[in-house]
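Asker: To start, I am sharing the structure in question, which I have written as structure tokens.
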Protein chains: 2
Amino acid sequence: MMKTKSARSLHGHVVQELGQRIVGGKLRPGDLLPREERLAEHMEVSRTALREAMKVLSAKGLVESRPKVGTRVREPRFWHQLDADVLAWRCASMPTEDFVQKLLEMREIIEPAAAASAARHCNAEQLERLEMAFAAMENAANLDEWAEADLDFHEAVLTATNNELLVSLFSVIETALGTFFVLSARTAKNFKYSLPHHQKVLEAIRRRQPEAARRTMQRMVADSRSNMNRQSRGSGKG
Amino acid sequence: MMKTKSARSLHGHVVQELGQRIVGGKLRPGDLLPREERLAEHMEVSRTALREAMKVLSAKGLVESRPKVGTRVREPRFWHQLDADVLAWRCASMPTEDFVQKLLEMREIIEPAAAASAARHCNAEQLERLEMAFAAMENAANLDEWAEADLDFHEAVLTATNNELLVSLFSVIETALGTFFVLSARTAKNFKYSLPHHQKVLEAIRRRQPEAARRTMQRMVADSRSNMNRQSRGSGKG
DNA sequence: TCCTTTTTATTTGTCATACAAGAAGGTTAT
DNA sequence: ATAACCTTCTTGTATGACAAATAAAAAGGA
């Protein structure tokens, strides 16, 4: 689920390890990490590799280092919550119901607005990509193919806004769709339901109808929400 | 304008320097950087410090390093556009008109939705912070105090949603308000105009009226836009 | 006794050097 | 012509040493 490839390099591995521990709550805000020498020894890497990892975690707002005092875990309000890694770490050990609701709220804010913007600003090439993604959903042979094409469709909508700031929010949409895919009943029926929505969104964008695009996308996300709520009531997530 | 404090440490300085050059376009996507040894020499730091800087830039999606081939500048679509540093670097050498419009679009999407969400979810403490910020705007002795209180107000709205993902978008709002403050006519009159809007937003949130909060915030951002457009037509930005 | 100044100890920050690992491009053998 | 093998260049990692910063303790003065 959601590979972050950076586990090849040593310092990348340390980033993953510590990042997951911090976001996952095993290391708590205010906690003082062991000093670099010891921590490096404990992680079985050199101080050099450890420090490079620390700089990355620091760039993500997870830790803060100061001479003499050491490196401590920062409070969640400083974390770069929209960072793809931070989002992934948050989902690593099963996302809380609360977090899922926040992801859905983000989708409900971003995606309808993006669809409307796409209807206004998209160009021919971007429209074609949307159509390709939709076609891929129609022709999907299995659920995994379907999910991949769906992701592509949503990314294509964001891209079609021609606003790279909006495109950068794809990490959030991706995470939301990922948890949706994991948490909801993985039957073809549940998914194919939303295909008509996709088609209407595509149509509205093609016809340059921002408000229609917005409304349809709104319904699509709302359906996700109700589908999810039904699911989680059924299986009782915490 | 918009301090990023990390210029104290050496590697922090390198991050700033290279980040600014990349985002500012002096180093272009696909460009191959000099190899670490030479670059370190050229920047007058050790290879160690340079590499720590590189890891940070890599974490922001600006560069990509591979053995034997070297480190090259990535294409803008990979940049973490919502990162506070990236946004700041983008504004460093006078933001383009195009970028300002994208910032405004983000505000128009995020802030009304956040105001509505705040009206639904905010607690007593968060409401108090909103009221404090508003009071600070009323009592501002000069434009700088006003701008600071205004920023605080907008951050308080995001915080009041109780959705940390939304709060993380404050870097965007901050940048938008910053450029607005720089580009628009810096007269008391232009600013005091929006105070009634702030009051109405505050009232709507206090009274738990999501739709009223949304509409009022929408008007507030729209006013910013028209104010700005008027301004840029006048002085002809490109 | 209380406050200010100085010292000290500890941790991160930086440096220099050496070697390992990976990969592109050319070389050789089949 | 193709495939396997080298060469070589660059990043990746390790190590040891020292500089800089600063929190905490010690010393000095009112």
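Asker: Which of the three applies to the protein assembly as shown, rounded, prolate or oblate, going by the alpha-carbon gyration tensor with a ≥ b ≥ c and a/c under 1.5 meaning rounded?
Answerer: Verdict is rounded for the protein assembly as shown.
Asker: Within the accessible area of the range B:5-78, what % is carbon and sulfur when the probe is 1.4 Å and the other protein chains stay in place? Write down the numbers at each step before the final one.
Answerer: Values: 2110 of 4470 Å².
Percent of accessible area from carbon and sulfur atoms in the range B:5-78: 47.
Asker: Let me ask something else. So the label point sits 7 Å from Cα along the Cα-to-Cβ vector; using that for A:Met132, what distances do you get to the other copies, in nanometres, sorted shortest first?
Answerer: Here the equivalent label points are 5.2 nm apart from this one.
Asker: Taking a ≥ b ≥ c as the square roots of the eigenvalues of the Cα gyration tensor of the range B:5-78, is the shape rounded (a/c under 1.5), prolate (a/b larger than b/c) or oblate?
Answerer: Since a/c reaches 1.5 but b/c is at least a/b, the shape of the range B:5-78 is classed as oblate.
Asker: With all protein chains present and a 1.4 Å probe, how do A:Phe78, A:Phe181 order by accessible area, largest first?
Answerer: Ranked list, largest accessible area first: A:Phe78, A:Phe181.
Asker: To one decimal in nm, how far is B:Glu64 from the same spot in the other copies, if labels go 7 Å from Cα toward Cβ? Please give the shortest first.
Answerer: From this label point to the equivalent ones elsewhere in the assembly: 3.4 nm.
Asker: Please report Rg over Rh for the range B:84-179, where both radii come from the alpha carbon positions and Rh follows the Kirkwood definition.
Answerer: Numbers: Rg = 13.9 Å, Rh = 14.0 Å.
So for the range B:84-179, dividing Rg by the Kirkwood Rh gives 1.00.
Asker: Can you put B:Asp85, A:Asp223 in order of accessible area, largest first, using a 1.4 Å probe? Kindly include the intermediate steps, with their values, before the conclusion.
Answerer: Details: B:Asp85 30, A:Asp223 75 Å².
Sorted descending by solvent-accessible area, the residues read A:Asp223, B:Asp85.
Asker: A further question follows. Kindly write out, for the range A:154-164 in residue order, the coupling ³J(HN,Hα) from the Karplus curve 6.51 cos²θ - 1.76 cosθ + 1.60 (θ = phi - 60°), rounded to whole Hz, with x marking Gly and Pro.
Answerer: Taking θ as phi minus 60°, the curve returns 5, 5, 4, 4, 4, 4, 5, 6, 6, 10, 4 Hz for the range A:154-164.
Asker: Any idea how far apart A:Glu164 and B:Val69 come out in nm if each label point goes 7 Å out from Cα toward Cβ?
Answerer: 2.0
Asker: Amide H to amide H under 5 Å from B:Val63: which residues, 5+ apart in sequence or cross-chain, H placed 1.01 Å off N in plane?
Answerer: Those lying under 5 Å, H to H, from B:Val63 are B:Ser58, B:Arg74.
Asker: Oh, and also: Relative contact order for chain A: what percent, with Cα pairs under 8 Å and sequence separation of 6 or more?
Answerer: 20
Asker: If you don't mind, another one. With every protein chain left in place and a probe of 1.4 Å, what is the accessible surface of B:Arg90, to the nearest 10 Å²?
Answerer: Using a 1.4 Å probe on the heavy atoms, I get roughly 60 Å².
Asker: Moving to a separate point now. With all protein chains present, calculate the accessible area of A:Val182 using a 1.4 Å probe and round the result to the nearest 10 Å².
Answerer: The accessible area comes out at roughly 70 Å².
Asker: Report A:Glu174's accessible area, 1.4 Å probe, all protein chains in place, as a number in Å² to the nearest 10.
Answerer: Counting only protein heavy atoms, A:Glu174 exposes about 60 Å² to solvent.
Asker: Please report, in debye to the nearest 20, how large the charge dipole of the protein assembly as shown is about its Cα centre when each Lys and Arg carries +1 at its beta carbon and each Asp and Glu carries -1 there.
Answerer: Dipole magnitude for the protein assembly as shown comes out near 40 debye.
Asker: If you don't mind, there's one more thing I want to ask. Could you report the buried accessible area between A and B, both sides summed, computed with a 1.4 Å probe and given in Å² to the nearest 100? Don't skip to the answer; put the middle values down first.
Answerer: On the way: alone 13060 and 13050 Å², together 23370 Å².
Result for this pair: about 2800 Å² buried.
Asker: Continuing with this model, one more query. In sequence order, what are the phi-derived ³J(HN,Hα) couplings for the range A:29-34 according to the Karplus relation 6.51 cos²θ - 1.76 cosθ + 1.60 with θ = phi - 60°, rounded to whole Hz, with x for glycine and proline?
Answerer: Result, ordered by residue: x, x, 4, 9, 6, x Hz.
Asker: Taking springs between alpha-carbon atoms closer than 10 angstrom, which of A:Val15, A:Val45, A:Val167 fluctuates most in the Gaussian network model of chain A?
Answerer: A:Val45
Asker: Hey, another quick one. Run the label-point distances for A:Asp98 please: 7 Å along Cα to Cβ, every other copy, nanometres, shortest first.
Answerer: 4.2
Asker: For helix A:195-206, what angle does its Cα long axis make with the longest principal axis of chain A, in degrees from 0 to 90 and rounded to 10?
Answerer: For helix A:195-206, the angle is close to 80 degrees.
Asker: So for the pair A:Asn142, A:Ser226, with labels modelled 7 Å out along Cα→Cβ, what separation do we get in nm?
Answerer: Label at A:Asn142, label at A:Ser226, 3.2 nm between them.
Asker: What ranking of B:His42, B:His198, A:His197 comes out by heavy-atom accessible area, probe 1.4 Å, highest first?
Answerer: Of B:His42, B:His198, A:His197, the descending order of accessible area is B:His42, A:His197, B:His198.
Asker: Using label points projected 7 Å from each Cα along Cα→Cβ, tell me how many nm separate B:Glu211 and A:Leu195, to one decimal.
Answerer: 3.6
Asker: Also: For peptide A:98-107, what's the mean number of Cβ atoms from other chains within 10 Å of each residue's Cβ?
Answerer: 3
Asker: Compute the signed sum of charges (Lys and Arg +1, Asp and Glu -1) over the other residues within less than 14 Å, Cβ to Cβ, of A:Ala119.
Answerer: Around A:Ala119, the surrounding residues sum to +3.
Asker: Hey, what D do you get for chain B in µm²/s if you plug the Kirkwood alpha-carbon radius into Stokes-Einstein at 10 °C and 1.306 mPa s?
Answerer: On the way: Rh = 19.5 Å.
Diffusion coefficient, whole number: 81 µm²/s.
Asker: Run lengths n ≥ 4 of DSSP H only: what is the helix-derived mean residue ellipticity at 222 nm for chain B, with -39500 (n - 2.57) per run over all residues, to the nearest 500?
Answerer: -22000 deg cm²/dmol
Asker: Using the Karplus curve 6.51 cos²θ - 1.76 cosθ + 1.60 with θ = phi - 60°, what ³J(HN,Hα) values do you get for each residue of the range B:62-68, in whole Hz, with x for Gly and Pro?
Answerer: Each residue's phi maps through the Karplus curve to give 7, 9, 9, 10, 9, x, 6 Hz.
The values are calculated or read from the model by the stated rules, or taken from the named source; none is laboratory data. Please read these numbers as outputs of a predicted model, since none were measured by experiment. Please note: Cβ atoms are built from the backbone with ideal geometry, for glycine as well, and neighbour counts cover all protein chains shown. Heavy atoms of the whole protein, side chains included, go into the accessibility calculation; ligands, DNA and RNA do not. Shrake-Rupley method; radii C 1.70, N 1.55, O 1.52, S 1.80 Å.
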